[in-house]
Amino acid sequence: MGPLLFGSEIYRGSSYGGWHPLRVPRVSTVLDLSRALGWLPPDRFRVSPRAKPAALATWHTPDYLAALEAAERAGAVDPPTRDRHGLGTASNPVFPEMFRRPATGAGASLLAGEMLAGGGRIHNPGGGTHHGMPDRANGFCYLNDAVLGILSLRRNGAPRVAYVDIDAHHMDGVEHAFAENPDVLLISTHEERRWPFTGHLHDAGLGQVFNLPLPRGLNDDEMALARDRLILPAVEAFAPDAIVLQCGADAVEEDPLSRLSLSNNAHLEMLRALLPLAPRFLLLGGGGYNPWSVGRLWTGAWAVLSGQDIPDRLPPEAEQVLRGLRFDGNSRGRNPPDHWFTALRDTARLGPVKPEVTDRVASLSARIGAIPGRWL
């Protein structure tokens with residue numbers, strides 16, 4: 001099976017609200033850019049299915065799923081539902097597609113697990129909702145497609161799954177699901193002292209959990225150190241049947257919800273390095289709240305996944321897609337730099353490696369030899 005990109009038109013017209021960070025277009029930009037570049041012929045694209053409650057109940061509680069569907073139908077929640085399930089809050093508002101949209105992202109990850117049974121690569125940019133909890137919405141995430149995708153991979157012939165998460169925010173929902181499972185390797189790089197304030201350096205699960213909190217201003221050289229001395233050796237030692245990479249775009253310099261300073265090259269090189277390490281590969285989206293940064297990064301990631309050459313200068317059709325974006329309500333949308341329109345790749349953001357980054361990577365690297373073995 002050749003590389004596939006999953007998407008849906010539900011993302012084009014759907015928003016969490018005019019004030020919410022997820023008011024910006026993301027998945028639709030990836031589809032439009034990929035098509036403008038000639039990278040998404042019909043045989044490489046699949047419409048993401050909407051998961052039914054029975055499939056979602058492999059991890060989420062039936063009561064929560066019923067409450068989520070009821071909130072979409074009613075367009076409102078009562079106080080007890082808000083308190084119990086985290087629906088109708090500032091982070092997780094009521095909006096017209098609040099069940100259908102996340103169920104579409106989850107449906108793609110569930111189907112990906114089935115379609116990857118014989119090996120292959122799938123990109124689900126509408127996925128990566130790594131904060132969702134079994135019985136409640138959390139951190140803009142109503143469902144946890146990453147957990148559901150891992151469970152689907154394991155049901156379909158990939159017992160050992162390595163999950164790598166390079167979002168600016170810690171993968172609290174995924175760790176909640178698998179911290180005590182020796183057959184799921186969990187690696188997270190995330191900004192220290194940022195919501196959800198979990199993912200501490202000493203949190204180890206059964207020895208297969210690696211949390212790397214990183215300081216503000218993280219540059220590409222520091223991420224390369226983490227990649228080469230921690231992430232790749234840990235994944236190789238684990239010998240997974242499948243890899244899931246959550247490729248949140250909020251760790252790049254221009255994102256409004258983090259203070260990390262990566263270029264999108266850091267994400268693309270992470271993806272490129274991980275691809276050969278397992279026969280099944282599921283690439284997810286995640287955070288990312290600057291429409292240009294997100295669209296350019298995830299389209300570049302599809303290029304890497306599908307073996308396309310990224311041009312130095314975008315053709316006019318692709319440039320027009322990026323010039324058509326808006327970022328209302330944020331200062332970054334007032335005078336966008338020209339390269340946000342004309343190129344997918346950023347200029348590399350290099351710099352010195354801070355001592356705390358070196359020390360933390362060394363501390364975690366020393367634990368790689370204790371990763372639970374394949375036949376335990």
query = What number goes with the only condition from (1) surrounded by 20 or more Cβ atoms within 10 Å (Cβ to Cβ); (2) closer than 25 Å to L277 by Cα that G205 does not pass?
reply = (1)
task = Go through the residues of segment 294-303 one by one and say whether even a single one is open to solvent by less than 70 Å² (accessible area, probe 1.4 Å), within 25 Å of the chain's Cα centre (by Cα) and free of Cβ contacts under 8 Å to residues at least 12 places away in the same chain.
result = no
inquiry  = Out of A76, A51, A70, I need the residue that is open to solvent by less than 60 Å² (accessible area, probe 1.4 Å) and assigned to a helix (DSSP H, G or I). Which one?
reply    = A70
request  = Could you check, for segment 251-261, whether at least one of its residues is at pLDDT 95 or above and within 23 Å of P159 (Cβ to Cβ)?
outcome  = no
message = Can you find, within segment 79-100, the residue that is nearest to the chain's Cα centre (by Cα) among those that are surrounded by 13 or more Cβ atoms within 10 Å (Cβ to Cβ) and outside any loop (DSSP other than H, G, I, E, B)?
response = R100
remark   = For segment 138-164, pairs from a residue that is closer than 13 Å to V184 by Cα and assigned to a loop (DSSP other than H, G, I, E, B) to a residue that is open to solvent by 10 Å² or more (accessible area, probe 1.4 Å) and modelled with pLDDT under 95, with Cβ under 7 Å and 6 or more apart or across chains, are R160/R374
query = For segment 346-376, how many residues are without any contact (Cβ under 8 Å) to a residue 24 or more places away in the chain, under 20 Å from I187 (Cα atoms) and assigned to a loop (DSSP other than H, G, I, E, B)?
reply = 2
ask   = Looking at (1) more than 22 Å from the chain's Cα centre (by Cα); (2) free of Cβ contacts under 8 Å to residues at least 60 places away in the same chain; (3) open to solvent by less than 10 Å² (accessible area, probe 1.4 Å), can you tell me which one Y64 breaks?
value = (2)
message = Can you confirm whether G307 is open to solvent by 60 Å² or more (accessible area, probe 1.4 Å) and either farther than 22 Å from F6 by Cβ or not hydrophobic (A, V, I, L, M, F, W, C) (or both)?
response = yes
query = Only one of these conditions is not met by D135: (1) open to solvent by 10 Å² or more (accessible area, probe 1.4 Å); (2) closer than 29 Å to G307 by Cα. Which number is it?
reply = (2)
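Quick grid of which residues meet (1) buried (at least 18 other Cβ atoms within 10 Å of the Cβ); (2) at pLDDT below 95; (3) more than 18 Å from the chain's Cα centre (by Cα):
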| position | (1), (2), (3) |
| --- | --- |
| A179 | no, no, yes |
| R194 | yes, no, no |
| L212 | yes, no, no |
| P215 | no, no, yes |
| L218 | yes, no, yes |
| I231 | yes, no, no |
| A239 | no, no, yes |
ask   = From the residues in segment 258-277 that are open to solvent by 50 Å² or more (accessible area, probe 1.4 Å) and not acidic (D, E), which one is nearest to the chain's Cα centre (by Cα)?
value = R272
query = In segment 12-58, what residues are within 25 Å of I310 (Cα to Cα) and aromatic (F, W, Y)?
reply = W39, F45
query = Could you say whether any residue in segment 316-331 is free of Cβ contacts under 8 Å to residues at least 60 places away in the same chain, open to solvent by less than 50 Å² (accessible area, probe 1.4 Å), out of contact with any Ser or Thr (no Cβ under 7 Å at 6 or more places or on another chain) and outside any loop (DSSP other than H, G, I, E, B)?
reply = no
task = For segment 1-48, name all the residues that are open to solvent by 50 Å² or more (accessible area, probe 1.4 Å) and part of a strand (DSSP E or B).
result = R46, V47
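The values are calculated or read from the model by the stated rules, or taken from the named source; none is laboratory data. On a predicted model such as this, the values are computed, not experimentally measured, just so you know. Because the Cβ atoms are built from the backbone with ideal geometry, glycine has one as well, and the counts that use them run over all protein chains shown. When the accessible area is computed, the model is the full protein with side chains, heavy atoms only, and any ligands, DNA or RNA have been set aside. Shrake-Rupley method; radii C 1.70, N 1.55, O 1.52, S 1.80 Å.
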